[in-house]
Each structure stands twice: as C-alpha cells, then as structure tokens.
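Visitor: There's a structure below that I have some questions on.
The values are calculated or read from the model by the stated rules, or taken from the named source; none is laboratory data. Keep in mind it's a predicted model, so treat the numbers as computed, not measured. So basically every Cβ, Gly included, is an ideal-geometry build from the backbone, and we count neighbours across all protein chains shown. Surface areas here come from the heavy atoms of the whole protein model, side chains and all, with no ligands, DNA or RNA. Shrake-Rupley method; radii C 1.70, N 1.55, O 1.52, S 1.80 Å.
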Amino acid sequence: MRCFYSLLLCIFFVESMVAQEVCSPDGGLKVKLMQEEGTVRYEVEYRGKTLLEPSPLGLETSIGDFSSGLHPVGSVMRKVDETYALPHGKVSRVHYVSNELTATYINAANDSLDVIFRVGNNDISFAYRIRSKDKCRCTIYRERTGFDFPAGTTTFITPQAPAGSGWMKSKPSYEEEYTVEEPVGTPSRYGLGYTFPALFHVGNDGWVLVSETGVSSKYAGTRLSEGTDDGLYTVEFPMKGENGGIGDTTVTAALPLLTSWKTLTVGETLKPIVETTSACNGIEPLYEPSQYYVLGRSTWSWILWQDASCNYRDQQTFIDLAAAMGYEYILIDALWDKQIGYENMPSLIAYAQSKGVDVILWYNSNGTWNDAPQGPKHKMDTAPARRKEMEWMKKLGVKGIKVDFFGGDKQATMKLYEDILTDADRYGLFVNFHGTTLPRGWERMYPNHFTSEATLASENLVFSQDFADKEALVSTILPFTRNAVAAMDFGPVFFNRQFSKDDSYGNYRRTTDAFQVATAVLYQSPLQHFGITPNNLEEQPDYVLDFMKKVPVVWDETRFVDGYPGKFCVIARRAGDKWYVAATHADHRPKELTLSLPWLAGRQVKLLYDKDDRTAGLKTATVDKMGNLTIKMQSLGGAVIYTELMPIPIPMER
C-alpha cells in the first residue's frame, strides 16, 4: 500500500521496543528505526523485501556513549524537496525529493543525539547530530554504524590497503582491485576492511550501493570493516599510520556536530545505482566559485611517454596535439620543476596559449607524509607556500592543478584537501586529486573540484600486464561502483597496441579500438586526460578522430541501459540534443546484445563498432520502432552509438 506523507511516521510500542518507520515518496523504500533496551538499530526494506537486516547505530564520544543507554525524547518528520544544478556531473540538473525523519535520544549525561534519515525513492542518507547544553566541543572515538546484509549476499568491494604501504609509502589511495561476486564475510586481501563505495548483490531481491558523502575538514573519511560470517559490516575510522602518522584517528569538532552522511542506493536492478546523485543530494556548496571554470579534454605525455617526456620539446609536441584535437588543456605532469625549470615555464605556457590550449600543472602534495621524490614538492602543504605558488600560476594563466600522493583519510588530511581547494578557488584554479581518497560530495561542496582518481587507473596499463589483461573487466565494474558516486579521472582511450611511446614495446593492449572509444563516454569525468599520442593522428581513421575531437565531458542526463558487474556494461548519456551510448564487455568470446533504447525509437544513429581486425568501423543503423538495436562486439570489445541532431522517421508499414 502506498505510504502517504501524512502516514509516513508510525510510532508503536511492543513491550520495551519503540519503532518508527519512514517511507520514500513512492512508498517502495522503507526504513524502520528501532530503539530497544537503550540501543538503536535500523532495517531497510525495498518493495517488501529485506535488503538490510537490523543494523546497529550510534557513536562513542568524549562526552559520553551514544550507542547504549539511550532514551527516546521525540521525533520530527519533514519533506525535503530541492532542485539544484550540477555543472560538472553526470546530470546537469537534479530534483531531489525525500522524506526526512529526525529521531532524538539522550544519553546518561542528558546530551542529545539526533539520528537523521532521508529516504528517497531509491536512496537513503543518514547522519548523526550531537548537541549539548553546556559543552562546546566533542571528540568522536568510534562510529557504531553497521550494515547487516542477508545470507547469500555477494560483494563487489575493494579492500583497504595498509597505511604507509605501496610505492614510496603513498597508500592508502583507493587503488585496489574489486572483488567479483564474493560471499559476504570473505576476508579481505589485507584484513583491514574495505573502502567506499561498496556494492552488494542481495540475491534475487536487489542491489545496494553503500557510500559516504558530506566530508569536509570537520570530519574524517571512513570505511567498512571486515564482514562477519553472517554479513555485518561496520564503519571504521582511519588507521594510525595513515598520512605518515600525522593527525588523530578520531574526529573533533565544535558542537553541535554533524557527522558525514552514509548513503544507500537500492534497486531491483542496477538502474538506480548508475543514475544515483546521492553523493550530492542535500549537500550544500561551501563557497561560491570565484569564476566560471571551463571543463574539457586534455592531452598528457606522461601516461605513455613517461618521466623522460617532461621536457620542453615533448610538451610542445603534446600542446600541438591538443591544438590539433581541439582540446582545451595539456597536463604537464611530474618533474617539470627540474626537467623544464621554473625559468622556462612562462614561455612554454605562452606557447600553449598561442595555440589555444591552457595548462594544468602537476604537484606533489607532500609535506612529510610520503617519500615520493617527484616535484614540485612542498608547494601545497602549507598556506604561505601554496598561496605564493598559486599567485605565480595565476599571473601566467595556468588554469588548473593536479595534486598527487595523499595517503590517508584522517580529519587532518581532509582539512588539507579543503585548504587546497579553497585557496585554489581564490586564484582561479580548478583541482584534480590523484593518489587520493574518494571525493565525498565534493563536486557540489567545492565548485572548483573537477575530478579525482581514487581507483586503480590507466597508469597501471603501463605498469602491469595483468592489469592490461583485465582492462575490459575493470570497465564493467567501475561504472557500478567508484564512478557511480563521483567523477573519476581514469585517463581513458589508448590506440597504441603496446603501452609505450612508439608502440614497439611494453605491455600489450587486449581490447579493441571501439572499446577504447567507448571508455570516453563510459567513464564520467568533467576533465578527461586521454591517452592519445601524436602517432595516432596518422593511424586512426578520420571518423574515430572526429568522434574524439567532439566527445563531450559533461552530461545533461545519464541512463542505465544494461549490464552486470564483471560481465558487461551499457550506459547512455545525453549532452544537449545528442545521445551517446557506450558498451563494453569482459568476455573472451564475441558478444551480441540487443539494446532497449525506447527514447531513440525510429532514430537513425551512427555506430562505431568492432571490425574483424579489431579496429573501429563506422556505419549507420536505425533503432527499430520498438526501440531495439542489436550490436555485435569482438572479444574484449566495445561499441558506441551516437545520434544525429534530428530524428529520422521510419516509413509506415503497409
């Protein structure tokens, strides 16, 4: 039965238990909040099926325990209805409607804990607010938040890496492989739990994507614990060794204190997962942008030409490549401070500007929290150095920065992210973070935050043949996990057959050319660093290059078409009046798919497809009057469908 707003809040008593329910506007999604013997739990149902069994809530703090000994004192229900623009997201405009329940409890010291649940048609966000009449600040030692999944649930989750591990002690940096259909409770690779976002398949009952948003300098980034045998995962704070051991593992802030928001996106299919805007819903911008920031595409010598290419002449070559492709930017990566030199940067930047190309500069985040040697170093870790450097960039017309090697989720690290973003906006710079944490709502909170890596990205194609062998598999997982909750700087699109400068050595690419083109649409980021090299201009047909010259990086709409993580993925995106549909698959045999595209019924479309020789072909196709179109892909292949501007009617049958 449909749950109307006036009936959404039901409070009933069964012996010592107090239970309250809040439903989504359409009545399909329900959260039950239960308080019994001083503890608070919640459970989640979607269309009558249990997706989360009773799961713990609460906090342990310096002003008392908010996980036991709680007494209910009241609750408030309200409707949330907001419309907002998302200038560099996977959609351009969002209408967010949910029902919000705030249940208030007091602990033994008479301090208050508000448990806040917002329930939309497919999304749940919840957080805690601590209030006190006589205390000014509070330290949270531990969250008791948990997610208890039913038996038979399987996972697509990525493990937490040990603090200070990895290259030059730069981890954790959210660069680990995802599980594929592992049962809940399977020990993680490092025994340290898992990072957000985490995708759970609850058998035939549905899907749940768990993540976190709204993290600023006032909180830490959290993660999931190891799972118990019966499917319980709890929230963990950062490890002591993160960020080089600098900073507390707890959270301290002034009262009233609002925690981060944990988010759950649920559905019977993967459609709500792909299309969710849960990371931005209910999150307010922390400042107005100082200027309009231009989104765009970039060339990037380092990805295939590596460290030696960070010299004046090679950067000119990639500036020329950006100009030939009509791209907005060139990324001048690590080591430019030594191999080009500060004294030569003004003329190189001026050269780029003369070609209609703007410059993004790489920086090491480092103060003392990693051993990475690449420079520039010690330019981003303190306010005086940062502002001096940014003033220099502003005078030269640099438009953005890529800041690398963070290695932690502590509150102190979150403050560094916020300080870099805030100062960068003051000087008209956009920011891309690498070797980094998951951006938790930052696309809306910080208007000059463009994108972040926070995944095992394309540089690993160069470093590891095993990763190159799994490139297609990765493409079928990230759109349902990492890229579902935030922009992701993967660095896609490679046409060299071997991942090297002259295509004559290095790891082998297993995927087709059409697959590579598809990743330009499949991976969402308002700043795309493509792996195209100058030789590709002579090797690829004009229709492939024309597509890569025109492919958008921002979208008005995103739709899930079909797919299953680890097997295949088909996603449609709209920019203005044009639709782009990208498909990839991980099968080592050819694959045929009949796609349902009802909004394109009767339309003539262009199809970039896999030819027998694994190059990309182009042909015209027509979506039938029922909205169906069949595509064929080679092993580890892909396809891209894109529309003309005007519909072409199908003749009426006689």
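Visitor: How many residues are open to solvent by 10 Å² or more (accessible area, probe 1.4 Å) and more than 19 Å from Trp300 (Cβ to Cβ) if we restrict to segment 339-359?
Guide: 7
Visitor: Under 9 Å between Cβ atoms, at least 6 apart or on separate chains: pull out the pairs that start in segment 513-526 with a residue that is of a type in the set (Asp, Glu) and end on any residue that is not in a loop (DSSP other than H, G, I, E, B).
Guide: Close Cβ pairs (under 9 Å, with a partner that is not in a loop (DSSP other than H, G, I, E, B)) amount to Asp513/Val544; Asp513/Leu608; Asp513/Asp610; Asp513/Ala616; Asp513/Gly638.
Residue-by-condition table, conditions (1) surrounded by fewer than 17 Cβ atoms within 10 Å (Cβ to Cβ); (2) touching a helix residue (DSSP H, G or I) at 6+ places or on another chain (Cβ under 8 Å); (3) farther than 23 Å from Thr145 by Cα:
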residue: His71; (1), (2), (3): yes, no, no
residue: Val94; (1), (2), (3): yes, no, yes
residue: Ala103; (1), (2), (3): no, no, no
residue: Ile106; (1), (2), (3): no, no, no
residue: Asn110; (1), (2), (3): yes, no, no
residue: Phe117; (1), (2), (3): no, no, no
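Visitor: Could I ask something else about it? Between Ile140, Ile130, which is more than 19 Å from Ala486 (Cα to Cα), in contact (Cβ under 8 Å) with a residue 24 or more places away in the chain, buried (at least 17 other Cβ atoms within 10 Å of the Cβ) and in contact with a Pro (Cβ under 9 Å, 6 or more places away or on another chain)?
Guide: Ile130
Visitor: Do the conditions hold for Val251, that is, is it within 19 Å of the chain's Cα centre (by Cα), more than 18 Å from Thr50 (Cα to Cα) and at pLDDT 95 or above?
Guide: no
Visitor: Let me ask another. Please go through segment 292-310 and give me each residue that is of a type outside the set (Phe, Trp, Tyr) and open to solvent by less than 40 Å² (accessible area, probe 1.4 Å), ordered by number.
Guide: Hits for segment 292-310 are Leu295, Gly296, Arg297, Ser298, Thr299, Ser301, Ile303, Leu304, Ser309, Cys310.
Visitor: Would you tally the residues in segment 491-532 being in a helix (DSSP H, G or I) and among the aliphatic types (A, V, I, L, M)?
Guide: 6
Visitor: For Val570, indicate whether it is in contact with an Asp or Glu (Cβ under 8 Å, 6 or more places away or on another chain), buried (at least 19 other Cβ atoms within 10 Å of the Cβ), at pLDDT 95 or above and among the β-branched types (Val, Ile, Thr).
Guide: Criteria met by Val570.
Visitor: Oh, and also: Can you name the residue in segment 509-522 that is in contact with a strand residue (DSSP E or B) (Cβ under 6 Å, 6 or more places away or on another chain) and not β-branched (Val, Ile, Thr) and is also farthest from Asp610 (Cα to Cα) among such residues?
Guide: Per the criteria, the residue is Leu522.
Visitor: Please pick out the residue among Ala621, Ala616, Ala586, Ala575 that is touching a Leu at 6+ places or on another chain (Cβ under 6 Å), closer than 20 Å to Ala484 by Cβ, hydrophobic (A, V, I, L, M, F, W, C) and modelled with pLDDT of 95 or more.
Guide: Result of the check over Ala621, Ala616, Ala586, Ala575: Ala586.
Visitor: Have a look at Arg426, Arg440 and point out the one that is touching a residue at least 12 places away in the same chain (Cβ under 8 Å), buried (at least 24 other Cβ atoms within 10 Å of the Cβ) and of a type in the set (Lys, Arg).
Guide: Being touching a residue at least 12 places away in the same chain (Cβ under 8 Å), buried (at least 24 other Cβ atoms within 10 Å of the Cβ) and of a type in the set (Lys, Arg) holds for just one of Arg426, Arg440, which is Arg440.
Visitor: Out of all the residues in segment 143-189, which are buried (at least 16 other Cβ atoms within 10 Å of the Cβ) and among the aromatic types (Phe, Trp, Tyr)?
Guide: Phe147, Phe149, Phe156, Tyr174, Tyr178, listed by residue number.
Visitor: For segment 445-494, which positions are open to solvent by less than 20 Å² (accessible area, probe 1.4 Å) and either aromatic (Phe, Trp, Tyr) or in contact with a His (Cβ under 6 Å, 6 or more places away or on another chain) (or both)?
Guide: If the condition is that a residue be open to solvent by less than 20 Å² (accessible area, probe 1.4 Å) and either aromatic (Phe, Trp, Tyr) or in contact with a His (Cβ under 6 Å, 6 or more places away or on another chain) (or both), then Tyr446, Phe450, Glu453, Phe467, Phe480, Phe490, Gly491, Phe494 are the ones that fit.
Visitor: Right, next: For residues in segment 263-287 being in contact with a helix residue (DSSP H, G or I) (Cβ under 9 Å, 6 or more places away or on another chain) and charged (D, E, K, R), which is nearest to Pro447 (Cα to Cα)?
Guide: Residue satisfying both the conditions and the ranking: Glu284.
Visitor: Kindly indicate whether any position in segment 361-383 is touching a helix residue (DSSP H, G or I) at 6+ places or on another chain (Cβ under 8 Å), more than 22 Å from Leu527 (Cα to Cα) and crowded, with 24+ Cβ neighbours inside 10 Å.
Guide: Yes: segment 361-383 contains one or more residues that are touching a helix residue (DSSP H, G or I) at 6+ places or on another chain (Cβ under 8 Å), more than 22 Å from Leu527 (Cα to Cα) and crowded, with 24+ Cβ neighbours inside 10 Å.
Visitor: With the requirement that a residue be part of a loop (DSSP other than H, G, I, E, B), farther than 15 Å from Thr643 by Cα and open to solvent by less than 30 Å² (accessible area, probe 1.4 Å), what does segment 552-567 give you?
Guide: Those that are part of a loop (DSSP other than H, G, I, E, B), farther than 15 Å from Thr643 by Cα and open to solvent by less than 30 Å² (accessible area, probe 1.4 Å): Val553, Pro565, Gly566.
This table checks each residue for (1) surrounded by fewer than 20 Cβ atoms within 10 Å (Cβ to Cβ); (2) under 25 Å from the mean Cα position of the chain (by Cα); (3) farther than 19 Å from Leu348 by Cβ; (4) free of Cβ contacts under 8 Å to residues at least 60 places away in the same chain.
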| position | (1), (2), (3), (4) |
| --- | --- |
| Ala385 | yes, no, yes, yes |
| Gly400 | no, yes, no, no |
| Asp404 | no, yes, yes, no |
| Asp409 | no, yes, yes, no |
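Visitor: Let me ask something additional. Within segment 38-46, is there a residue that is open to solvent by 60 Å² or more (accessible area, probe 1.4 Å), among the charged types (D, E, K, R), at pLDDT 95 or above and over 15 Å from Thr104 (Cα atoms)?
Guide: No, segment 38-46 contains no residue that is open to solvent by 60 Å² or more (accessible area, probe 1.4 Å), among the charged types (D, E, K, R), at pLDDT 95 or above and over 15 Å from Thr104 (Cα atoms).
Visitor: Before we move on, is Thr620 under 24 Å from Lys550 (Cα atoms), without any contact (Cβ under 8 Å) to a residue 24 or more places away in the chain, β-branched (Val, Ile, Thr) and surrounded by fewer than 22 Cβ atoms within 10 Å (Cβ to Cβ)? If you could, list the steps in order and put the result at the bottom.
Guide: Numbers: under 24 Å from Lys550 (Cα atoms): yes; without any contact (Cβ under 8 Å) to a residue 24 or more places away in the chain: yes; β-branched (Val, Ile, Thr): yes; surrounded by fewer than 22 Cβ atoms within 10 Å (Cβ to Cβ): yes.
So Thr620 fits the description; yes.
Visitor: Could you name every one of the strands (runs of 3 or more DSSP E) located completely within segment 227-284 that has at least 2 residues being crowded, with 21+ Cβ neighbours inside 10 Å?
Guide: Numbers: elements: 232-236, 251-254, 261-267.
Once the strands (runs of 3 or more DSSP E) in segment 227-284 are filtered for at least 2 residues that are crowded, with 21+ Cβ neighbours inside 10 Å, what remains is 232-236, 261-267.
Visitor: Going residue by residue through segment 512-520, is there one that turns out to be over 24 Å from the mean Cα position of the chain (by Cα), over 29 Å from Tyr293 (Cα atoms), exposed (fewer than 15 other Cβ atoms within 10 Å of the Cβ) and among the hydroxyl-bearing types (Ser, Thr, Tyr)?
Guide: Checking segment 512-520: not a single residue is over 24 Å from the mean Cα position of the chain (by Cα), over 29 Å from Tyr293 (Cα atoms), exposed (fewer than 15 other Cβ atoms within 10 Å of the Cβ) and among the hydroxyl-bearing types (Ser, Thr, Tyr).
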